[in-house]
Each structure stands twice: as structure tokens, then as C-alpha cells.
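Asks: Quick one: this structure, given as C-alpha cells, is what I'll be asking you about.
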Amino acid sequence: MIYCDYQATTPLAPEAREEMLRWLDGPDGAGFGNPHSPHRLGRMAAAAVDLARERVATLCPPGGRVIFTGSATEAINLALRGSASRGDTRPVAVSAIEHAAVRDTAADLGCPVTHLPVDREGLVAPEPELPRDVRLVAVMQVNNEIGTIQPVERIAARARAAGALFLCDAVQGAGKIAPPAGADMIALSAHKLYGPKGIGALWVRDGIELAPLITGGGQEQGLRSGTLSPALCAGFGVAAMIAKEREKADANHVESLWKKVGELFSGWTLNGSATARWHGNCNLRRDGLDAARLMADVRTVAFSAGSACASGSGRPSHVLRAIGLDDRQAKSSIRLGFGRYSTLAEVEEAAERIVAAAQMQE
Ligand code: PLP
């Protein structure tokens, strides 16, 4: 099986795995402590969590704190719900191409929601029109379906000028491109940057107060009660550290794969921007293609017909619709994602299999 679905999840970095094993039991069996216990085993585990927190913070701007969560979805829920004081019904504005974690949570807040439109490339205007009295603006850094890189710094400045908080879902950009400067809150997910599944984080700018979603023992600065997993935190921390160290090398590698894919899929149309884009995301369409059938025919390549969440639902992707594609074009689109561990030979082989199967449909 050739893996070409790096936006859905990434393989675990061997360095992260090794670090995690230490905190599951440890070579001397002393790594299993509860990080909230005051004794030596607890303090060792707490030190591992602290180190992981520092490492994850390097993916964010200075001047804030990292709160570990179970996923980016939870981090986004904490940001959107936890920043609203009780009874606050002021509007929020979110881009039309946000992940369901933002879209559906915003829709559940009980306040008016404005969807900021995108152009045909998938870009939100750098100075979007915001509703009066807007309390929060959310625009993602890199889109998970079409890879568009948003002008988040300028949108953050616009939100601030309007008196709103700015939340950036940086799940697909963290560790790959520079952190979104100007954001007040940033959501991250370990499993999109070669860390483990089951852990995410919300970075919160100093001075911003949130209300907890999960109450109990008061862990995570009183914002997310429950015992932390040192192994998951440590794996996330090492994955963040390696991503930071390899940022340039990973980007160069992805660039060479992107160029190759462009050659191999000649005659296909790229969805979204070619330039304001993370090049590890290749969303392509071909007239008349039945992407669902293609996926069934090419079982030896793991790729997607849209976002992992939307594919299988039968609903055309809201992202492809937002950039102006009709249902037929959306259903003729596939997403190939590659990254650090993809080889040129694998990508060539995957492309050959997909192109050959697509031609069989003609
Ligand atoms: N935001 C984006 C852009 C994503 O791609 C994803 C996952 O697909 C999420 C949020 C949710 O992340 P998690 O799986 O950590 O909840």
C-alpha cells in the first residue's frame, strides 16, 4: 500500500515513538508515573510533560501558553466555547472553508455565524468584511482539502481592529510553515506532524482567559481536567522538535515531489491556488472522472476524494463548492497528500496506478 493521504494523518516519526515508549514503562520501569503526583515518579513524568510543552510552544508565536487537549477538535471547542462568557450572543465569523471542527462548533454556539467567502483559489480576503460587534474570527492557516495558505497575519490584524479574538486552526501548517503571527489562539494536532493520535493543543496568548469545558481535578491550568498521558505529550513534543529542525528539509523534499506530481498528472486541473499553497497537498480533478469509483479501483494507494471526514458521506465537499466547483467537478476531484516519508519512487508508482485507472473510465 502506498500512503498518499498525509492530510488525513501522518506516519509516526520513529524519534517520537522511541520517546513515547520511555513514558509508557521506561527501561527501568519508572516511566509510568502520574504527572500530577508529588512523589519522584510523578515529578519525573511532570518534567517530561513540561519539556513537551516547551517543545510544542516552539511551533507557536512567543507570549502564550500551551494547553494539551485530546485532539485539535477539542482544542477548537475549548477556544470557541471557552472564550464566550455565559449568555454572550455576539456574532462570530469563520471562513467558508473551515474544517468541521470549527464550522460545526461555531454553528452550535447559539450566536449568529458569518461565513467569510473565499475566491476561486480558496483565499479569504486579507481584510474581510466582519459583522458588527463580532466577538471572534476563525480562519485556518492551511486548508486540509486544497492546501491554500491564508493571509492569516493580515486577517488577524483586521480581527483585532474590530475588537475580536482571532482563532487560527494551524493543524495543517504547524511544523511546516511559520506560526500564524497575530493569532490569539492556535489549534494544533500531533498526528498531522508525525506525532501520535489522541493529543492536540491549544496555544493561548497571555492575558486571554478561557472557561474550562472539562471540569474535575483542575489539571492543565484548570482548563482541562483529567490525567495527562506523559507518553502522548512526550511523543507530541519530540514530533514538534523534529518538525522544527527539519522544516526546511521537509519543505524541500515536498517541493521535489510536487514538481514530479505536476508532470505525472498533466491534463488534470489543480483545485485551489498553485502558489499560496502547501505543496504536500495536491487536489486535482479530471473531467468526467468518478472519484469514488477510482478509489474503489485503486485499492493499493491510500488517497482521498476530499477531506477524510467528508469522504464517504456522499456529500460534495463544502470547500470545493466554496471555490466555485459544481457537484460534478467536486465528485471528479481527488486529493493526494505526501510528506517526509514519501519517496519519489512511491509517488511515481501511485500516480501511474491512478492515471491508468482514470483512463480506464473513459
Ligand atoms: N483542523 C484541520 C484543518 C484538520 O485537518 C483536522 C483533521 O483532519 C482537524 C482540525 C481535527 O484534528 P484532530 O484529528 O486532532 O481532531
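Asks: Counting only residues that are aliphatic (A, V, I, L, M), open to solvent by less than 10 Å² (accessible area, probe 1.4 Å) and not in a strand (DSSP E or B), how many does segment 129-159 have?
Replies: Residues of segment 129-159 that are aliphatic (A, V, I, L, M), as a first pass: 130, 134, 136-140, 142, 146, 149, 152, 155-157, 159.
Filter once more, so that each one left must be open to solvent by less than 10 Å² (accessible area, probe 1.4 Å): 134, 136-140, 142, 146, 152, 155-156, 159.
Among the residues that remain, those that are also not in a strand (DSSP E or B) are: 134, 139-140, 146, 152, 155-156, 159.
The qualifying residues number 8.
Asks: Search segment 205-257 for residues being free of Cβ contacts under 8 Å to residues at least 60 places away in the same chain and in a helix (DSSP H, G or I), and hand back the single one that is nearest to Val56 (Cα to Cα).
Replies: So, considering only residues that are free of Cβ contacts under 8 Å to residues at least 60 places away in the same chain and in a helix (DSSP H, G or I), the one nearest to Val56 (Cα to Cα) is Glu245.
Asks: Right, something else. Give just the number: which of (1) over 30 Å from Val355 (Cβ atoms); (2) out of contact with any helix residue (DSSP H, G or I) (no Cβ under 8 Å at 6 or more places or on another chain); (3) more than 16 Å from the ligand (Cβ to nearest atom) does Lys259 not satisfy?
Replies: For Lys259, the failing item is (1).
Asks: Still on this model: Mind checking which residues of segment 1-13 are within 16 Å of the ligand (Cβ to nearest atom), open to solvent by less than 50 Å² (accessible area, probe 1.4 Å) and of a type in the set (A, V, I, L, M, F, W, C)? Walk me through how you get there before you give the answer.
Replies: Keep residues of segment 1-13 that are within 16 Å of the ligand (Cβ to nearest atom), which gives 3-12.
With the extra rule that they be open to solvent by less than 50 Å² (accessible area, probe 1.4 Å), the set shrinks to 4-11.
Within segment 1-13, Cys4, Ala8 qualify.
Asks: Which residue pairs have Cβ atoms under 7 Å apart, sit 6 or more places apart or on different chains, and have a first residue in segment 114-129 that is acidic (Asp, Glu) and a second that is assigned to a strand (DSSP E or B) and surrounded by 14 or more Cβ atoms within 10 Å (Cβ to Cβ)?
Replies: Correct list of pairs: Glu121/Thr148.
Asks: Let me ask something else about it. Does segment 321-350 hold any residues that are without any contact (Cβ under 8 Å) to a residue 60 or more places away in the chain and open to solvent by less than 20 Å² (accessible area, probe 1.4 Å), and which are they? Let's see the steps before the verdict.
Replies: Going through segment 321-350, the residues without any contact (Cβ under 8 Å) to a residue 60 or more places away in the chain turn out to be 321, 325-332, 334, 343, 345.
Residues satisfying the conditions are Leu325, Ala330, Ser332, Ile334.
Asks: For segment 53-84, which residues satisfy the criterion of being in a helix (DSSP H, G or I) and of a type in the set (A, V, I, L, M)?
Replies: Filtering segment 53-84 down to residues in a helix (DSSP H, G or I) leaves 53-57, 72-82.
Val56, Ala57, Ala72, Ala75, Ile76, Leu78, Ala79, Leu80, listed by residue number.
Here's the yes/no breakdown for (1) crowded, with 24+ Cβ neighbours inside 10 Å; (2) within 13 Å of the ligand (Cβ to nearest atom):
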residue	(1), (2)
Ser71	no, yes
Ala75	yes, yes
Ser83	no, no
Asp88	no, no
Pro91	no, no
Thr114	no, no
Pro117	no, no
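Asks: Within segment 93-112, can you find the residues that are away from the ligand (no atom under 16 Å from the Cβ) and open to solvent by less than 50 Å² (accessible area, probe 1.4 Å)? Break it down into steps so the answer makes sense when it comes.
Replies: Applying the first criterion (away from the ligand (no atom under 16 Å from the Cβ)) to segment 93-112 yields 93, 109-112.
Once the filter is applied, which keeps residues that are away from the ligand (no atom under 16 Å from the Cβ) and open to solvent by less than 50 Å² (accessible area, probe 1.4 Å), segment 93-112 yields Ala93, Leu109, Cys111.
Asks: Hey, another quick one. Within segment 185-208, work out how many residues are surrounded by fewer than 24 Cβ atoms within 10 Å (Cβ to Cβ) and within 10 Å of the ligand (Cβ to nearest atom). Break it down stepwise before answering.
Replies: Step one: of segment 185-208, the residues surrounded by fewer than 24 Cβ atoms within 10 Å (Cβ to Cβ) are 191, 196-198, 205-208.
Filter once more, so that each one left must be within 10 Å of the ligand (Cβ to nearest atom): 191, 197-198.
Adding up the residues that qualify gives 3.
Asks: Looking only at segment 14-35, decide whether some residue is small (Gly, Ala, Ser), at pLDDT 95 or above and open to solvent by 30 Å² or more (accessible area, probe 1.4 Å).
Replies: To start, the set of residues in segment 14-35 that are small (Gly, Ala, Ser) comprises 16, 26, 29-31, 33.
Filter again for at pLDDT 95 or above, leaving 16.
Filter once more, keeping what is open to solvent by 30 Å² or more (accessible area, probe 1.4 Å): none.
No, every residue in segment 14-35 fails to be small (Gly, Ala, Ser), at pLDDT 95 or above and open to solvent by 30 Å² or more (accessible area, probe 1.4 Å).
Asks: Go over the candidates Ala305, Ala292 one by one and state the one that is open to solvent by 60 Å² or more (accessible area, probe 1.4 Å), at pLDDT below 95 and not assigned by TED's automatic domain parsing to the domain that holds Gly33. Working first, answer last.
Replies: Working: Ala305 fails: open to solvent by 60 Å² or more (accessible area, probe 1.4 Å).
Residue meeting the stated conditions: Ala292.
Asks: Could you pull out the residue among Ala16, Ala30, Ala57, Ala46 that is farther than 30 Å from Ala296 by Cβ and within 16 Å of the ligand (Cβ to nearest atom)?
Replies: The match here is Ala16.
Asks: Let me ask something else about it. Checking Glu54 against (1) surrounded by 15 or more Cβ atoms within 10 Å (Cβ to Cβ); (2) modelled with pLDDT of 95 or more: exactly one of these is not met. Which one?
Replies: (1)
The values are calculated or read from the model by the stated rules, or taken from the named source; none is laboratory data. Just so it is clear, the model here is predicted, and its values are computed rather than measured. In this analysis, Cβ positions are derived from the backbone assuming ideal geometry, glycine residues included, and neighbour counts consider all displayed protein chains. Quick note on the areas: whole protein, heavy atoms, side chains included, nothing else; ligands and nucleic acids left out. Shrake-Rupley method; radii C 1.70, N 1.55, O 1.52, S 1.80 Å.
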